[in-house]
Amino acid sequence: MSFDVHQLDQFLLVGSVVTLLAILAVRVSSRAGFPSLLIYLLIGVALGEAGFGIQFEDAALAHALGFAALVIILAEGGVTTSWNDIRGCMRMSVALATLGVAISVTVVALVAYFVFDLPWEIAVLLGASISATDAAAVFSVLRVVPLPRRLTGTLEAESGLNDAPVVVLVTLISTGAVTEDGPLVVAGIIVFELVAGVLIGLAVGFGGAWLMRRAALPASGLYPIAVICLTLLAYAGGAAAHASGFAAVYVAALVLGNSELPHRQATRSFAEGIAWLAQIGLFVMLGLLLSPGRITLEILGLAFAAGLVLTLVARPLSVLACAVVQRMPPRELAFLSWAGLRGAVPIVFTTIPLDEGVDGAERLFDIVFVMVVIYTLLTAPTLPMVARVLKVARRSEPRDLDLEVAPLERIAADLLQITISPVSKLHGVEVGELRLPSGSSVSMVIREGETLVPERRTVLRRGDDLLVVTPRKQRERTEQRLREVSERGRLAHWLDE
């Protein structure tokens, strides 16, 4: 097969234009209060057979590309998640990702089989496909809603963890393993794959962090690439061992993202960038896969009814049952019930039965696609209002720091670059009042493009960039002290006491 350079030119032209439009759509969607995925899906539909006429019906390719994109998205989710934010709510998150998913699948499947009169296989696949929340959809909306760390941590960890059991269940049903082996064997397979995937993720995460701390790479741009490659290694290792690759990649990314690695902020920024690119490509591809001519009134009715059961019955029951594991105030449980947004993940899961040739798989794809669009439009814009009504919204933004780390190998020290945000309580604090650990010091302040060597009486201002040198053994204490002052001001130490 000959290679046509002109076709490459056309591909680059269309691809760059679509990507730029998708990037601009982020700002439009954030103002409107709904995830940008809807615009990406519509772009795909417009490019497809009902619009510009691009034909795309390869379910196997969609399955493979969808999984590749989800791996990147999960890796970004793990790398950018703070362990301190989710540690206190991990019991709730794990319960929602396991027990909650089981309850949701059961409720939706029973209603779909007995009320909607769907075949049992399609009914269970419908319940499984729409039971996983989507991190990209949830946080593209929640980033404009200031919430307590317990809520954001619960939603974030749940979104990263619940893909693993669902993809195993959908795969086993689509390949006929449930019929051949029985429910008990299938349950054992799911438990084994999850546990093995977590162990592989921990091994790759801690091993990779140990290696990167001791390898002084010649360029800072290599560190983010190495971290992403390690997360991909975790997924591939999990898949090769017949374990859950999704569990492995998320756990490995979580460990790496919270390890003391050089250039952590650059790594997070790189991961966010490629995750956005993966989301754009994924959603546009799924839009291309849809055939609007197949969307009938029956499909619309089934999609609306399935979403109604999920939103008003299955999700609240799941959250309520999981509250036994970790108690939370009723208003927070109510918000968790409403904030379980679905995005590309349920649609990607329906490509598995499409690829396996399951009877009724196209109908299932259409139902899930329409349900995601309808209920994202209905629920996402209401989240800020629901947070205010339930009184779970915070009054102010979290006072955090943009903090970057670069290694100083020859003196076993690290150079911290800190940006004082507009809401940080570092504003007005004198350098001497920081009371950094012994050996740590503010070596330079960059203010409005000018550099100055600070003295003890130098007052910090909003927008300042600080360069702090700290011995590596004191780095964690130095970061903790800076964050304490940023959140609570110069009296943080005495307030803690």
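Of note:
- When the residues of region 364-378 are filtered to those that are open to solvent by 10 Å² or more (accessible area, probe 1.4 Å) and not aromatic (Phe, Trp, Tyr), the one that is farthest from Gly287 (Cα to Cα) is Leu378.
- Condition met for Thr179 (open to solvent by 70 Å² or more (accessible area, probe 1.4 Å) and of a type outside the set (Phe, Trp, Tyr)): yes
- Near pairs, Cβ below 7 angstrom, 6+ apart or cross-chain, from region 471-483 (over 18 Å from Thr419 (Cβ atoms)) to any residue that is buried (at least 17 other Cβ atoms within 10 Å of the Cβ) and modelled with pLDDT under 85: Pro471/Ala413; Arg472/Ala413; Arg472/Asp414
- Complete set of residues in region 204-216 that are in a helix (DSSP H, G or I) and without any contact (Cβ under 8 Å) to a residue 40 or more places away in the chain: Gly207, Trp210, Leu211, Arg214
- Answer residue from region 274-311, given it is among the hydroxyl-bearing types (Ser, Thr, Tyr) and within 19 Å of Phe116 (Cα to Cα) and is surrounded by the fewest Cβ atoms within 10 Å (Cβ to Cβ) among those: Thr296
- Close pairs from region 427-456: first under 19 Å from Lys473 (Cβ atoms), partner in a loop (DSSP other than H, G, I, E, B) and open to solvent by less than 70 Å² (accessible area, probe 1.4 Å), Cβ under 7 Å, at least 6 apart: Val442/Pro454
- Residue in region 48-66 that is more than 27 Å from Val309 (Cβ to Cβ), open to solvent by less than 10 Å² (accessible area, probe 1.4 Å) and not hydroxyl-bearing (Ser, Thr, Tyr) present: yes
- Summed over region 312-350, residues that are open to solvent by 30 Å² or more (accessible area, probe 1.4 Å) and farther than 23 Å from Leu74 by Cα total 13.
- Among the residues making up region 212-224, those that are touching a helix residue (DSSP H, G or I) at 6+ places or on another chain (Cβ under 9 Å) and within 16 Å of Asn258 (Cβ to Cβ) are Met212, Tyr223, Pro224.
- Cβ-Cβ contacts under 8 Å between residues 6 or more apart (or on different chains), taken from a first residue in region 257-273 that is in contact (Cβ under 8 Å) with a residue 60 or more places away in the chain and open to solvent by 50 Å² or more (accessible area, probe 1.4 Å) to a second residue that is of a type in the set (D, E, K, R) and not in a helix (DSSP H, G or I), are listed as Gln265/Asp402; Gln265/Glu404.
- First in region 362-384 and assigned to a helix (DSSP H, G or I), second anywhere and among the hydroxyl-bearing types (Ser, Thr, Tyr) and surrounded by 22 or more Cβ atoms within 10 Å (Cβ to Cβ), Cβ under 6 Å, 6 or more apart: Leu364/Thr350; Phe365/Thr350; Val368/Ser129; Val368/Thr350
- Taken together, Leu290, Leu232 contain a single residue that is more than 16 Å from the chain's Cα centre (by Cα) and more than 28 Å from Arg472 (Cα to Cα), which is Leu290.
- Of all positions in region 460-476, at least one carries a residue that is more than 31 Å from the chain's Cα centre (by Cα) and closer than 15 Å to His427 by Cα.
- Out of Ser443, Ser424, Ser438, sole residue that is assigned to a loop (DSSP other than H, G, I, E, B), over 30 Å from Glu332 (Cβ atoms), hydroxyl-bearing (Ser, Thr, Tyr) and modelled with pLDDT of 85 or more: Ser438
- From the list Ala215, Ala234, the lone residue that is small (Gly, Ala, Ser), farther than 20 Å from Gln417 by Cα and open to solvent by 30 Å² or more (accessible area, probe 1.4 Å) is Ala215.
- Test: residue in region 171-183 that is at pLDDT 80 or above, within 24 Å of Gln279 (Cα to Cα) and part of a helix (DSSP H, G or I): yes
- Subset of region 475-495 [among the hydrophobic types (A, V, I, L, M, F, W, C), at pLDDT 80 or above and out of contact with any strand residue (DSSP E or B) (no Cβ under 7 Å at 6 or more places or on another chain)]: Val485
- Only one of Leu378, Leu333 that is more than 19 Å from Glu121 (Cα to Cα) and modelled with pLDDT of 90 or more: Leu333
Rundown of residues vs (1) out of contact with any Cys (no Cβ under 7 Å at 6 or more places or on another chain); (2) hydrophobic (A, V, I, L, M, F, W, C); (3) over 21 Å from Ile173 (Cβ atoms), yes/no style:
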| position | (1), (2), (3) |
| --- | --- |
| Gly293 | yes, no, yes |
| Thr296 | yes, no, yes |
| Gly301 | yes, no, yes |
| Leu310 | yes, yes, no |
| Ala334 | yes, yes, yes |
| Pro346 | yes, no, no |
| Thr351 | yes, no, no |
| Asp355 | yes, no, no |
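The values are calculated or read from the model by the stated rules, or taken from the named source; none is laboratory data. Everything numeric in this text was worked out from a predicted model, so none of it was measured. Don't worry about glycine lacking a Cβ; one is built from the backbone with ideal geometry, like all the others, and counts go over all protein chains shown. These area figures cover heavy atoms from the full protein model, side chains too; ligands, DNA and RNA do not enter into them. Shrake-Rupley method; radii C 1.70, N 1.55, O 1.52, S 1.80 Å.
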